[in-house]
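Written below as structure tokens is the structure these notes are about.
The values are calculated or read from the model by the stated rules, or taken from the named source; none is laboratory data. Here the structure is a predicted model, which means the values were calculated and not measured. All Cβ positions, glycine included, derive from the backbone under ideal geometry; neighbour counts span all protein chains shown.
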Amino acid sequence: MHMPRGLSALCVVFSILMTLGLSRAHTMSSESKHYATSFFSLDDLEQVQRLNQELSDILRSYPTIKGFQIGFAPVVSKGTKYFRSIVVTDEKGSFALKTEETNIARLLRQRAAKIYGWPLDVEPWTYLLTEPMPVDKPVGTDDCNEARKWYDEGLALSDGSQREASYYQRAIDLCPDYFEAHNKLGEVYTSLGKYELAVREFEQATRNESFVEPLNNLGKVYRLQGRYDLAAEAFARAIRMKPDFREAQNNLKYVRKRLGEYDRAVEEPPQRIATAIFTRIPGMTLPKGGFLVDMQYKYWHQEASLAGLGAEAPILFGPTSRNVNVNLWILGIRYGVTNNFTVGVIPKYFSRTAHVPIRFFDIDAHPAVQGFGDTVFLTKYRLWGRRRTHLSAYHLLSIPTGDEDAEGEDQGVVRRIPLGSGGYDFTPGVAFTTVKGPITIHTNVSYVFTKGREAGDEFHFDLALAFPRYYDFLASMELNYRWADSDTRDALFTTRFGFQPGGRSGLTTGPVTEETTIREEGGHTLFFSPGVQVSMTRGLNLELGMQVPIIRPGDGWVEEVVFHAGLIKQFF
């Protein structure tokens with residue numbers, strides 16, 4: 001069957017038009033598709049905007065991710081309002097973003113941890129955007145993309161001229177938080193001798209707390225101005241952010257020599273190393289002028305039998321065991337006298353509650369005492385050290401500021417519950433710390449010479465491993481060994497009754513005081529001590545841990561499980 005020639009031609013034209021139309025429709029459909037990727041959500045709008053700036057900076061470092069727009073969308077869920085960060089891209093950009101989202105999320109977590117000190121929950125998820133981007137105030141939008149072009153123009157010129165400076169200034173005008181542009185503009189101003197303008201730009205760039213280069217540049221400007229004290233401070237801050245920053249280290253040595261601080265000029269600034277919880281004294285010392293404030297809380301229970309009680313009447317008036325709950329608060333303050341010498345003072349405050357059951361009179365008393373215990377003075381000298389390995393000798397002097405004759409009373413029962421040792425204790429020791437890859441190893445070896453009546457000599461050996469689990473989360477595992485001398489651990493146990501026992505044949509009426517000498521068993525105790533440390537803000541750490549005795553003397557006066565919570569704040 002043959003078609004008329006005119007109809008055949010019309011069909012061909014129609015087919016061509018249909019093909020072009022479908023192709024155009026497909027192209028228009030593809031061009032109109034946009035995808036939204038959400039990386040995180042927070043209830044604080046300012047934090048969302050700040051982290052969106054960081055996210056924009058991260059995305060600009062990936063050349064395959066182009067034409068993106070960053071903003072936020074307010075969301076209300078179950079009566080709670082929060083703000084969702086959103087990155088909008090076309091189909092090609094969405095594919096590129098999906099390819100790199102794991103690395104982008106990792107970098108964003110790191111920056112959030114440096115800025116705020118807490119872990120940001122970054123869980124990227126992408127969806128097709130069917131409506132215009134629902135943002136209230138875009139951050140890092142097309143203006144910042146345009147700013148990148150001006151920034152690249154300045155980099156291409158790189159001749160230290162006023163023209164190069166104008167390119168960076170234009171980029172900053174478009175995107176005020178373009179930290180790299182602030183830094184480059186400061187470098188140009190430095191080369192032009194406009195130091196005050198350079199200082200202003202470098203200070204703007206240092207608002208990005210993960211950007212270390214502006215601090216070094218700021219220090220160099222201060223050095224050129226002869227302001228060596230400010231230069232030293234800037235270089236030291238740069239080294240704390242990046243411990244292996246060799247240029248900043250050399251600059252710091254130079255300005256310290258100019259300041260006449262020759263004892264510090266040749267030393268590398270100490271590197272921050274993870275500490276342990278129960279292996280309390282690390283091999284490092286504080287830097288000169290550095291402070292560390294250490295607050296601890298501990299709780300434990302102790303129980304042991306009483307030896308020396310006979311079968312005569314006094315046993316009817318006293319308990320047959322010692323049973324005490326202890327709450328202990330510790331405040332430690334340490335100060336770096338030099339980079340190699342640290343001193344500290346460690347006062348203690350106790351709350352002790354004894355359990356005194358006396359079956360003969362159906363008494364279940366809980367006498368308690370509270371007050372300051374002995375105060376410890378610390379001196380520590382670093383014998384040898386490198387950036388990741390340190391060896392120190394230390395000495396702890398315990399001053400008997402606690403009342404060794406404190407008494408508590410309950411239900412007519414008075415119990416002597418000492419708060420102090422009653423004598424001076426001397427504890428020489430050695431502390432060693434080294435870093436092997438991600439793991440930090442701490443060891444302490446010490447011997448306690450006691451002079452009081454509440455304790456005998458002791459030998460301590462502690463071993464701790466601290467290793468990071470997340471960006472601001474450290475886990476630690478420790479073994480804490482203690483040997484106690486049983487020969488000198490004699491104490492006086494006193495129970496006094498403030499009531500009339502009654503007319504029972506053979507028993508004394510009136511108040512009764514029974515003194516019993518206790519011979520405590522010494523021996524070997526080994527604790528297994530897990531713990532965690534969380535960085536809350538810059539220089540402030542929260543720690544939680546527990547000590548579990550896995551080896552202990554049969555009837556020794558030994559702690560059961562020790563629970564520990566602490567806060568450590570470092571000031572440099």
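Pairing each residue of the stretch 548-572 that is more than 20 Å from residue 324 (Cα to Cα) with any residue that is of a type in the set (Asp, Glu) and at pLDDT 90 or above, provided the two are 6+ apart or on different chains, yields C-beta distances under 6 Å for 566/543; 568/294. Hey, can you tell me all the residues within the stretch 271-287 that are out of contact with any Leu (no Cβ under 8 Å at 6 or more places or on another chain) and at pLDDT below 85? Once the filter is applied, which keeps residues that are out of contact with any Leu (no Cβ under 8 Å at 6 or more places or on another chain) and at pLDDT below 85, the stretch 271-287 yields 271, 272, 273, 275, 287. Name every residue in the stretch 391-408 that is within 20 Å of residue 443 (Cα to Cα) and of a type in the set (D, E, K, R), in order of residue number. Once the filter is applied, which keeps residues that are within 20 Å of residue 443 (Cα to Cα) and of a type in the set (D, E, K, R), the stretch 391-408 yields nothing.
On the stretch given as the stretch 308-334, residues that are within 30 Å of residue 462 (Cβ to Cβ) and either part of a loop (DSSP other than H, G, I, E, B) or at pLDDT below 85 (or both) total 2.
Of the residues making up the stretch 339-366, just one is modelled with pLDDT under 90, in contact with an Asp or Glu (Cβ under 7 Å, 6 or more places away or on another chain) and under 30 Å from residue 570 (Cβ atoms), namely 339. Considering the stretch 255-266, and only residues there that are modelled with pLDDT of 75 or more and crowded, with 17+ Cβ neighbours inside 10 Å, the residue that is nearest to residue 339 (Cα to Cα) turns out to be 256. Annotation: of all residues in the stretch 197-212 being surrounded by fewer than 22 Cβ atoms within 10 Å (Cβ to Cβ) and of a type in the set (Asp, Glu), the one that is modelled with the highest pLDDT is 203. Scanning the stretch 190-227 for residues that are free of Cβ contacts under 8 Å to residues at least 24 places away in the same chain and assigned to a loop (DSSP other than H, G, I, E, B) returns 193, 194, 206, 226, 227.
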